[in-house]
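Let me begin by presenting the structure, written as structure tokens, before commenting on it.
The values are calculated or read from the model by the stated rules, or taken from the named source; none is laboratory data. Because the structure is a prediction, the values reported are computed rather than measured. Cβ atoms come from the backbone with ideal geometry, glycine included; neighbour counts cover every protein chain shown. Heads up: the accessible areas ignore ligands, DNA and RNA and are worked out on the full protein's heavy atoms, side chains in. Shrake-Rupley method; radii C 1.70, N 1.55, O 1.52, S 1.80 Å.
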Amino acid sequence: MRHDEHHRIHRSGWLRAAVLGANDGIVSTASLITGVAAAEASRGSILLAGTAGLAAGAMSMAAGEYVSVKSQEDTEGADLKMEAEALENDREEEERELAAVYRDRGLDETLAAEVARQMMQHDALAAHARDEIGITAELSARPLQAAFWSAATFTVGAAVPVVTASLAPVSSLLWAVPVLAIAMLGTLGALAAVAGGAAPLRGALRVCFWGSLAMALTAGVGRLFGIAL
Ligand SMILES: [Zn+2]
């Protein structure tokens, strides 16, 4: 019989990461540009700050993601090595352990023992990794991939205020950049909410609130600097 449900968990994981990366790019770069524009800097200085912010932000996202996913990969590797040794040293005990996992999931004693026996026969390490530790090939850590996507989504988000700052009249930047940034944040917030099965409006309002707050703060700082300089 065809399996018809489309579980959101499979897609919302990477979409959520992509939207978070883009949001970061929009909020941090739009805030930076708004702050420099509030200090009445020239378009050249505004674009310099925006582009440097984009590059610095993308690299720090990539570095942060790589380091965190790499350490997850290291942990997974250490767990798998420990499991392989346990299978080497005490296979019977490991089979009992696996049967206990299946009993906890609702199988009766006999069936749990039989399932464990067959799973161990088929691929013991994979069965323990998946059912005892929770490591599957689909979810296993991919540091470089994660770093790349994190930097890429940040860059896409950050490009919005940078392009706005290069095209809009300098006199309008103090409102044009925030307005466009908030429109993008709202769209992404609603998209991520829908993908996760939540109410789009609440998702949009939440990210717009924090984005607006960040841009208002940096505009204030920029204004203060503009007066002081
Ligand atoms: Zn085990």
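Go through (1) open to solvent by 20 Å² or more (accessible area, probe 1.4 Å); (2) closer than 30 Å to G53 by Cβ; (3) touching a helix residue (DSSP H, G or I) at 6+ places or on another chain (Cβ under 7 Å) for V163 and report which single condition fails.
Tallying (1) open to solvent by 20 Å² or more (accessible area, probe 1.4 Å); (2) closer than 30 Å to G53 by Cβ; (3) touching a helix residue (DSSP H, G or I) at 6+ places or on another chain (Cβ under 7 Å), V163 fails exactly one: (3).
Between T51, T34, which is modelled with pLDDT under 95, more than 16 Å from the ligand (Cβ to nearest atom) and in contact with a helix residue (DSSP H, G or I) (Cβ under 8 Å, 6 or more places away or on another chain)?
T34
Residue check: is V177 touching a Pro at 6+ places or on another chain (Cβ under 6 Å), part of a helix (DSSP H, G or I), of a type in the set (A, V, I, L, M, F, W, C) and closer than 23 Å to A52 by Cα?
Yes.
From the list D74, D24, D90, D104, pick out the single residue that is touching a residue at least 12 places away in the same chain (Cβ under 8 Å) and surrounded by fewer than 21 Cβ atoms within 10 Å (Cβ to Cβ).
Answer to the check: D24.
In this structure, is R43 farther than 30 Å from T155 by Cα, open to solvent by 20 Å² or more (accessible area, probe 1.4 Å) and of a type outside the set (D, E)?
When the stated conditions are applied, R43 does not pass them.
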